[in-house]
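The values are calculated or read from the model by the stated rules, or taken from the named source; none is laboratory data. All of these numbers come straight from a predicted model, not from anything done at the bench. Here Cβ is always computed from backbone atoms with ideal geometry, including for glycine, and neighbour counts include all displayed protein chains.
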Amino acid sequence: MSVTQQEIDSLFERSGTGPLSGIVVADFGRVLAAPYCTMLLADMGATVLKVESLEGDETRSWMPPVFEGESTYYMSINRNKHSIALDFRNPDDLEIARKIAAKSDVFVENFKPHGLARFGLDYASVQALNPTVIYASVTGFGTTGGADLPGYDLLVQGAAGLMSLTGAPETVPFRAGVAVFDVFTGLHTCIAILAALQHRTNTGEGQLVELNLMSTALSAMVNQTGAYAIAGVTPRRLGNEHPSIYPYSPFPTSDGDIILAIGNDHQFKVFAETIGAPELLDDARFATNRDRSQHRDALRPILEQILQTKTTAEWFELFRAKSLPCAPINDVAQGIQFAESIGLEPIVTVGQGEKTQPGVRNPTLFSKTPVTYDLVPPTLNQSGDAIRAWAQQ
């Protein structure tokens, strides 16, 4: 199919001048960690060329929910990208893949460890074609002893210990309600790519960046893994409570629950006065955060009795007026509505002209180079002809 230069140029046109304008990203990622990373790069102005199999990214088939017949899972992490479908077993398609790699600033992949080597798309091969490339590789359990383990977030939540911390003491371990380590790894990958791009600016050198979900998980569990690494303490499941702070959990009200996060002694003083229980401040069991943590079984019933005298909304307004950390427990719809009520504008319009859809705002605000939402998530191979033509120029 004949492609005009204008169609090729359209791959690089954006409505704004994001901080990554001019950077071309070859996105060989699938599912969540890598595509989430590349969407963040795309939001910041990078041109992202999503290289898919002929069947497409697995998340295209992960439904329900759906929006206009498409998977909302896929649509949540693939805006601002251009899609090309290639069969690496086809020599012509593989040559296009290599040319895309050769012309890109950044190459992102999350295949099984060493899975791209047989196609000549591993780091050594791509670096030979493109010496200054930033090559970001994401795996589940690293490339050494865990290379054979499938890299699914749920497996990492179990293996890293997060599930052992999630749920009440009397329940079985639970997974988090979101693939947290896929998302965290995507964020770390984005950070690493930005750092590597800065290094390239300073030195002209490209490099290999490697991340894995397991290492990200252990880092992301911060104080919990730190407790073991530093003091040999194995944390246990506490439900919604915190091992080191009290009160720091949901408490029942007359019509639901309110979350309290009283993180220091001054906050507890204001809290005790606000709930009409200043006598708590004279009780030695509750004098300091350490005391309250140690005597939480004595403090909880006192607080429950008081907090059940008003509604969640009433307490929230009282505590908010005193700048005390608190929040209701919302469902996802209520969470978005709450963000709207405080002016965060969480829903944006993705796309331009006749083809638009709702999306969730990128959380980063730039004063001079704002993120943009120019392109709805691409249909499979939507820009295939234009990308092929560009790769062969």
Given the structure, is PRO113 surrounded by fewer than 24 Cβ atoms within 10 Å (Cβ to Cβ) and either among the aromatic types (Phe, Trp, Tyr) or at pLDDT below 95 (or both)?
yes
Among residues of the stretch 194-204 being surrounded by fewer than 16 Cβ atoms within 10 Å (Cβ to Cβ) and either aliphatic (A, V, I, L, M) or touching a residue at least 40 places away in the same chain (Cβ under 8 Å) (or both), the residue farthest from VAL25 (Cα to Cα) is GLY204
Would you confirm whether any residue within the stretch 327-343 is under 19 Å from the mean Cα position of the chain (by Cα), surrounded by 12 or more Cβ atoms within 10 Å (Cβ to Cβ) and under 30 Å from HIS266 (Cα atoms)? yes
Pairing a residue in the stretch 335-364 that is within 17 Å of GLY18 (Cα to Cα) and without any contact (Cβ under 8 Å) to a residue 24 or more places away in the chain with any residue that is among the aliphatic types (A, V, I, L, M) and in a loop (DSSP other than H, G, I, E, B), where Cβ atoms lie under 8 Å and the two sit 6 or more apart in sequence or on different chains, gives ARG361/LEU344
Condition check: assigned by TED's automatic domain parsing to the domain that holds THR17 and closer than 30 Å to ALA327 by Cβ. Does ASN362 satisfy that?
yes
Filter the stretch 273-310 for residues that are surrounded by 15 or more Cβ atoms within 10 Å (Cβ to Cβ) and among the polar types (S, T, N, Q); the one that is nearest to GLY263 (Cα to Cα) is ASN289
Of the residues in the stretch 205-226 that are modelled with pLDDT of 95 or more and surrounded by fewer than 16 Cβ atoms within 10 Å (Cβ to Cβ), the one that is nearest to ALA159 (Cα to Cα) is SER219
Filtering the stretch 1-54 down to residues that are among the aliphatic types (A, V, I, L, M) and within 15 Å of GLN382 (Cβ to Cβ) yields MET1, VAL3, ILE8, LEU11, ALA42, VAL48, LEU49, VAL51, LEU54
All conditions in (1) without any contact (Cβ under 8 Å) to a residue 24 or more places away in the chain; (2) aliphatic (A, V, I, L, M); (3) closer than 30 Å to GLY145 by Cβ are true of ILE77 except (1)
